[in-house]
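Engineer: Could you have a look at this structure, given as structure tokens, before my questions?
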Amino acid sequence: MNWKQLLDSARLGKKIEIPYDETQYSMSEFEKDYWRIIDCSAFRRLQDKTQVFPLDKSDFVRTRLTHSLEVSALAKQLVAMVYKNIKTFTPRTIKEQYPFASEHAQYSADIAACAGLLHDIGNPPFGHFGEDVVHAWFENHHEELKYVDRETNKEVRLIREKLISDLKHFEGNAQAFRLLTKLHSVDSDQGLNLTAALLNTLIKYPTDSMSIDAESKNVYVHKNGYYYADSDMFLEITKHTGTFFDNVHHRHPLTFILEAADDIAYATADLEDSYKKGLFTLDEFNDFFYREQDKIPNEEQRRFSKKLIEQLGSYRKCEESTAASELQAFQKWINYSRHWLVYCAAYGFTHNYQQIMEGNFFSEIISGTNHEGSMAILKKAMMRFTFNTAGITKLELSAETIIENLLERFVPAAIDWDVPSLSRINKRKAEKKLMTLISENHKSAYLRFKKSDDEEYNLYLRLLLVADFVSGMTDTYAKMLYHELSGI
């Protein structure tokens, strides 16, 4: 791969017109992407979507929006650090083979910042648990999704496994790609009409739902990155950026940076929120970290993790032991830990630079660094102290009830919607009215891409239409609509 092609600024839609002479006030295509994102309603809705705590009433807890802003800042910082590292430490022969110039670094920083803002835009309400509910519902009900065409007396159902697989593996990353390329209509038929480089950076898993292997050492195939309905767009974008070669789809190098920024934000900022909510004490956390640190098999990583947790003890000794001082000490330590993790991620990218550019690196960039073990402990702490608590469990069960109910109402209404032989008969008025609640943008996207000679594919698109609608909801809107439709 080479940076000139990787940073392709082409748009699959028409060129963005500026009403003044662009040469007078030059703006890169990636800066234009940034403004398009800020102006996007789907981005604004992230302010009312769960990061970790569903339906939380507290003002200090992070939402998807604040999390995305943090990831954006971390990703941009990482690019700057990687550029300096490559310039300083990468062997001359590798730099000559894969030059990463200052212009490349500037464009990459802009792309990384934009990708950070967008990386969770496809997630449904109520966080990752919401994702699980959607694909579990389709997993349990896909055999029931059918209708009989009265003109041909033919039963229409999903038979092709690649169509069924997409629904059974509903995924926020694939949904983000779909939303940005098809559902958010602005000035073209290409969704938000973003640059090829940015869209490719957002594809964390360059594989389809039929090729998923969650246990593989290759992180590319842990989840699906795009749906069959959007595969043509995916192929077009990878052709622009040059990430498809040797008959394999490879990750865009900036995707490794985006993934690291997301993981670091999750492992630090979200853990801070958990502490603020009183889900654990510093003594409990301290004991947990030391126990887990002893289990790290790599001696060097174990030594660095021990030094990290000892720093928390140093911060605590500097303050009187009050609730406020304990919080201040933990916040200092979280910030200190974040700096170390960012440093290691930047090192990991630089150390594996040649493999990444050749498409032969299949791990996370923090893997093998001194704080790989620390990152693992922080993620385990989230599971231990946050996700397994009674409060979170109750909220997740409430979220499950809401999403399942919405799917159970809208899927039957959508199954034979737009089927001429059924549109006027045996259709309850309530079901017809339900379809009027779905976004016109989403319905127009369905009508634009349906096929005149493939009813099974059109049924698949109508089911995706419901997934599009539900996943685009905010937490509050999903809860409110559930209450209204249930007569509560």
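Engineer: Could you order the peptides 18-28, 474-484, 195-205 from most to least packed, using the average number of other C-beta atoms within 10 Å per residue?
Structural biologist: On the way: 18-28: 9.1, 474-484: 16.7, 195-205: 26.8.
So the peptides 18-28, 474-484, 195-205, ranked by packing, come out 195-205, 474-484, 18-28.
Engineer: Within a 10 angstrom radius of the beta carbon, how do 245, 256 rank from fewest other beta carbons to most?
Structural biologist: 245, 256
Engineer: In sequence order, what are the phi-derived ³J(HN,Hα) couplings for the stretch 147-162 according to the Karplus relation 6.51 cos²θ - 1.76 cosθ + 1.60 with θ = phi - 60°, rounded to whole Hz, with x for glycine and proline?
Structural biologist: Running phi through 6.51 cos²θ - 1.76 cosθ + 1.60 with θ = phi - 60° gives 7, 10, 6, 6, 6, 9, 6, 9, 7, 10, 8, 7, 10, 5, 4, 5 Hz.
Engineer: Projected onto the charge dipole of the chain (+1 at Lys/Arg Cβ, -1 at Asp/Glu Cβ, origin at the Cα centre), which of 388, 467, 28 gives the Cα projection farthest towards the positive end?
Structural biologist: 28
Engineer: Show me the ranking of peptides 141-154, 101-114 by mean Cβ neighbours inside 10 Å, starting with the highest. Walk me through the numbers before you get to the answer.
Structural biologist: On the way: 141-154: 13.3, 101-114: 21.1.
Listed from highest to lowest mean packing, they are 101-114, 141-154.
Engineer: Rank-order 211-217, 33-39 by packing density, defined as the average count of other C-beta atoms within 10 Å over each peptide's residues, highest first.
Structural biologist: Averaged packing, sorted descending, gives the order 33-39, 211-217.
Engineer: Taking the stretch 140-252 on its own, what percent of its Cα-Cα pair distances exceed 21 Å?
Structural biologist: 44 percent
Engineer: What whole-number volume per residue, in cubic angstrom, does the convex hull of the C-alpha atoms of the stretch 5-76 give? All intermediate terms of the calculation are to be shown ahead of the outcome.
Structural biologist: On the way: hull volume 11.1 nm³, N = 72.
Taking the convex hull of the Cα positions in the stretch 5-76, it is 155 Å³ per residue.
Engineer: Near the amide H of residue 148, under 5 Å away, which other amide H atoms are found, from residues 5 or more places off or on another chain, if H is placed in the peptide plane?
Structural biologist: Amide H neighbours of residue 148, under 5 Å, 5+ apart: 156.
Engineer: With θ taken as phi - 60° and the coefficients 6.51, -1.76 and 1.60, list the Karplus ³J(HN,Hα) couplings across the stretch 11-25 in order, rounded to whole Hz; mark glycine and proline as x.
Structural biologist: 10, 6, x, 6, 5, 7, 8, 10, x, 10, 5, 5, 5, 6, 10
Engineer: With θ set to phi - 60° and the Karplus curve 6.51 cos²θ - 1.76 cosθ + 1.60, what are the ³J(HN,Hα) couplings of the stretch 285-293 in order, to the nearest whole Hz, using x for Gly and Pro?
Structural biologist: Calculated HN-Hα couplings, in order: 5, 4, 5, 4, 5, 5, 4, 5, 4 Hz.
Engineer: For the chain, give the magnitude of the charge dipole about the Cα centre (Cβ charges: +1 Lys/Arg, -1 Asp/Glu; no others), in debye to the nearest 20. Before the final figure, lay out each step's value.
Structural biologist: Numbers: 60 positive and 71 negative charges, 61 e Å.
Approximately 300 debye in magnitude.
Engineer: Return P(r) of the stretch 134-195 (all Cα-Cα pairs; 5 Å bins starting at 0; whole %; ordered from short to long distances).
Structural biologist: Percent of pairs per bin, in order: 4, 16, 17, 15, 15, 15, 12, 6, 1, 0.
Engineer: Report Rg(Cα)/(2.2 N^0.38 Å) for the stretch 342-413, keeping two decimals.
Structural biologist: 1.79
Engineer: Quick check: the angle from helix 64-89's long axis to the longest principal axis of the chain, C-alpha only, nearest 10 degrees?
Structural biologist: Between helix and principal axis, roughly 50 degrees.
Engineer: Show me the three semi-axes of the equivalent ellipsoid for the chain, from the C-alpha gyration tensor (sqrt of 5 times each eigenvalue), largest first, rounded to whole Å.
Structural biologist: 39, 30, 20
Engineer: Okay, moving on. Going Cα to Cα from residue 95, which lysines come in below 20 Å? Please leave out same-chain ones fewer than 8 positions away.
Structural biologist: Correct list for residue 95: 4, 84, 87.
Engineer: Let me understand the stretch 77-131 better: what is its radius of gyration from the alpha carbons, and its Dmax, in angstrom?
Structural biologist: 16.2, 48
Engineer: Given a cut-off of under 8 Å on Cα pairs at least six residues apart, what relative contact order in percent is computed for the stretch 336-484?
Structural biologist: 20 percent
Engineer: Lys/Arg Cβ at +1, Asp/Glu Cβ at -1, dipole of the stretch 115-162 taken about the Cα centre: which of 134, 153, 122 is farthest positive-ward?
Structural biologist: Farthest along the dipole direction, towards plus: 153.
Engineer: Something else about it: Compute, for the stretch 101-210, the length of the dipole vector about the Cα centre, with Cβ point charges of +1 (Lys, Arg) and -1 (Asp, Glu) only. Units Debye, rounded to 20.
Structural biologist: 200 debye
Engineer: Could I ask something else about it? In whole percent, what relative contact order does the chain give with Cα contacts below 8 Å and a gap of six or more residues?
Structural biologist: The value is 21 percent.
Engineer: Still on this structure, please answer the following. Could you bin all the Cα-Cα distances of the stretch 350-390 into 10 Å bins starting at 0 and give me the percent of pairs in each, rounded to whole numbers?
Structural biologist: Binned Cα distances yield the sequence 26, 34, 25, 14, 2.
Engineer: Averaging sequence separations of C-alpha pairs under 8 Å and six or more residues apart, then dividing by the length of the stretch 14-154, give the relative contact order as a whole percent.
Structural biologist: Values: 106 pairs, mean separation 41.3, N = 141.
Relative contact order, the stretch 14-154: 29 percent.
Engineer: Taking each pair of distinct Cα atoms in the stretch 23-151 once, what is the resulting Kirkwood hydrodynamic radius in Å? Write down the numbers at each step before the final one.
Structural biologist: On the way: mean 1/r = 0.0554 Å⁻¹.
Answer for the stretch 23-151: a Kirkwood hydrodynamic radius of 18.0 Å.
Engineer: OK, next. Ratio of alpha-carbon Rg to the 2.2 N^0.38 Å globular estimate for the stretch 95-172, to two decimals, please.
Structural biologist: For the stretch 95-172, the normalised Cα radius of gyration comes out at 1.86.
Bear in mind that the values in this text are calculations on the coordinates, not laboratory data. Please read all numbers here as calculations on a predicted model, not as lab measurements. Ideal geometry is used to build each Cβ from the backbone, glycine not excepted, and the neighbour counts take in all protein chains shown.
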